[in-house]
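Engineer: Quick one: the structure is below, questions incoming.
The values are calculated or read from the model by the stated rules, or taken from the named source; none is laboratory data. Since the structure is predicted, the reported quantities are computational estimates derived from the model, not experimental observations. Positions of Cβ are backbone-derived with ideal geometry, glycine not excepted, and every protein chain shown enters the neighbour counts. Surface accessibility is based on the protein's heavy atoms, side chains included, excluding ligands, DNA and RNA. Shrake-Rupley method; radii C 1.70, N 1.55, O 1.52, S 1.80 Å.
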Amino acid sequence: IVGGQETTIDQVPYLVYMRQGGFFICGGSLISIRIVLSAAHCVSGARPEEYMIYAGASRLDEEAPVSRRVASFHISPSYSGSNFDMDVALLKLGEAVHLMPGKVAIIARCTNPPEANSYARISGWGVTRENNRNPAAQVRAAMVRILPIEECRRSYAGVAQLSDSMLCAAIRGLRDSCSGDSGGPLVYRGQVCGIVSWGFGCARLAFPGVYTNVASSRVRTFIEETLRRIGH
Ligand code: 4AZ
C-alpha cells in the first residue's frame, strides 16, 4: 500500500496473506471458513501444495494464530494473463479456519458495484513505494476513490484495455495498492467489492490501480457457480 497507514488485523480481520514456497506473495479475503477470494495471477501456473494461507496476524514476522494449507484453487476459465481480464481465483483450504472475534472474520461479497466517486478501503502487506522490494512488515490500509470507469479508460487509453470485470480506484499521485497487495480486498460498505489486480506503477498521477470488479456479472457468476460446485 502506497500512501496509507499502519493498521492492525482487528481493523481488517477478513484479510489474509499467502506464502508460496515459504515466501510472502499475495493477499486474499476470507469469504467463508474454507474459502479465500484472491487474484488469479497470484496462483496461476502453480500447484496448491506450494501455498499456505495465514490469518489473524498483523505482522509478517509474527507467528500467525491461524495457518492453513490450500487443498485446491479455482481460477476463472476466462482469466487472461495478458490483459488481466477476470483476475479472480477461489482457494479452498485444507481445513476450516477458526473464527477469532476481532482477529479472524468472514466478509460478505459485493452485490452491487461501488458508486463512482465514493471511497473504499484497501489493505495489505504490499510495498509502500513503487521501487521498494520488500513487503511491509506490518499490515497497512488506505482509503481510495472509486473512479468513473470512463475516467479510468481514458487514463489507460493506448496502454491497456479495461474490461467490464475491472474497476479503478486511487488517490492519483498519492494512494494506491502496489506489489504484494495483489489478491487483497477493496472494501466498500462492509463488502469485498474489488480484488487488487494490476496497474502501471503505483500511485502515479496518470495511472490508477485496477481491481477485479467482484459485483460485475461475469465475476459474480464465476464465484457463485464455483462455490456451488466445490462447496463452502
Ligand atoms: C503488482 O505488481 C501491482 N497500483 C499491484 C497493484 C498495482 C500495481 C502493481 C496497482 O502486484
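Engineer: Name the single residue, out of those in segment 176-189 being assigned to a loop (DSSP other than H, G, I, E, B) and more than 7 Å from the ligand (Cβ to nearest atom), that is farthest from the chain's Cα centre (by Cα).
Structural biologist: Within segment 176-189, the first condition is being assigned to a loop (DSSP other than H, G, I, E, B), and the residues that meet it are 177-184, 189.
If we keep only those that are more than 7 Å from the ligand (Cβ to nearest atom) as well, we get 183-184, 189.
Numbers: Gly183: 3, Gly184: 2, Arg189: 16 Å.
Per the criteria, the residue is Arg189.
Engineer: Looking at Cys168, Cys202 in this structure, which one is in a loop (DSSP other than H, G, I, E, B), surrounded by 23 or more Cβ atoms within 10 Å (Cβ to Cβ) and within 11 Å of the ligand (Cβ to nearest atom)? Spell out how you get there, then give the answer.
Structural biologist: Working: Cys168 fails: in a loop (DSSP other than H, G, I, E, B).
Only one candidate passes the filter, namely Cys202.
Engineer: Hey, could you check segment 205-217 for residues that are touching a helix residue (DSSP H, G or I) at 6+ places or on another chain (Cβ under 9 Å) and open to solvent by 30 Å² or more (accessible area, probe 1.4 Å) and say which is farthest from the ligand (Cβ to nearest atom)? Write out each step before concluding.
Structural biologist: In the first step, residues of segment 205-217 are kept if they are touching a helix residue (DSSP H, G or I) at 6+ places or on another chain (Cβ under 9 Å); the result is 206-208, 210, 212-214.
In the following step, the residues that additionally are open to solvent by 30 Å² or more (accessible area, probe 1.4 Å) were identified as 206-207.
Numbers: Ala206: 12, Phe207: 7 Å.
Checking each candidate, the answer is Ala206.
Engineer: To continue, here is another question. Name the pairs whose Cβ atoms lie under 8 Å apart, with the first residue in segment 3-24 and at positive phi, the second surrounded by 19 or more Cβ atoms within 10 Å (Cβ to Cβ), and 6 or more positions between them or separate chains?
Structural biologist: Taking only residues 6 or more apart or on different chains, the pairs are Gly3/Ala142; Gly3/Arg175; Gly3/Asp176; Gly3/Ala203.
Engineer: Also: Of these, Val192, Val127, which one is open to solvent by less than 10 Å² (accessible area, probe 1.4 Å), touching a strand residue (DSSP E or B) at 6+ places or on another chain (Cβ under 8 Å) and within 11 Å of the ligand (Cβ to nearest atom)?
Structural biologist: Values: Val192 fails: within 11 Å of the ligand (Cβ to nearest atom).
Step by step, each of Val192, Val127 is checked, and only Val127 is open to solvent by less than 10 Å² (accessible area, probe 1.4 Å), touching a strand residue (DSSP E or B) at 6+ places or on another chain (Cβ under 8 Å) and within 11 Å of the ligand (Cβ to nearest atom).
Engineer: On the given criteria, is Asp85 assigned to a helix (DSSP H, G or I), open to solvent by 10 Å² or more (accessible area, probe 1.4 Å) and in contact (Cβ under 8 Å) with a residue 24 or more places away in the chain?
Structural biologist: Values: assigned to a helix (DSSP H, G or I): no; open to solvent by 10 Å² or more (accessible area, probe 1.4 Å): yes; in contact (Cβ under 8 Å) with a residue 24 or more places away in the chain: yes.
So Asp85 fails the test.
Engineer: Follow-up question, since we're still on this one. Has segment 91-101 got at least one residue that is over 19 Å from Leu227 (Cα atoms) and among the charged types (D, E, K, R)? Step through it out loud before you land on a result.
Structural biologist: Restricting attention to segment 91-101, the residues satisfying the condition of being over 19 Å from Leu227 (Cα atoms) are 98-101.
Right, trim to among the charged types (D, E, K, R) and you get none.
Within segment 91-101 (the criterion being over 19 Å from Leu227 (Cα atoms) and among the charged types (D, E, K, R)), the answer is no, since none of the residues qualifies.
Engineer: Now, a different point. Pairs please, first residue from segment 132-143 and under 13 Å from Arg121 (Cα atoms) and touching a residue at least 60 places away in the same chain (Cβ under 8 Å), second anywhere and buried (at least 23 other Cβ atoms within 10 Å of the Cβ) and of a type in the set (Ser, Thr, Tyr), Cβ atoms under 6 Å, 6+ apart in sequence or on different chains.
Structural biologist: These pairs meet every condition: Ala141/Ser123.
Engineer: Mind checking which residues of segment 140-165 are closer than 18 Å to Asn83 by Cα and open to solvent by less than 40 Å² (accessible area, probe 1.4 Å)?
Structural biologist: Residues satisfying the conditions are Cys152, Ser155, Tyr156, Ala160, Leu162, Ser163, Ser165.
Engineer: Here's something else I'd like to know. Against the definition (closer than 26 Å to Leu91 by Cα, open to solvent by 10 Å² or more (accessible area, probe 1.4 Å) and not in a loop (DSSP other than H, G, I, E, B)), how does Arg121 come out, yes or no? First the steps, then the outcome.
Structural biologist: Numbers: closer than 26 Å to Leu91 by Cα: yes; open to solvent by 10 Å² or more (accessible area, probe 1.4 Å): yes; not in a loop (DSSP other than H, G, I, E, B): yes.
The answer is yes for Arg121.
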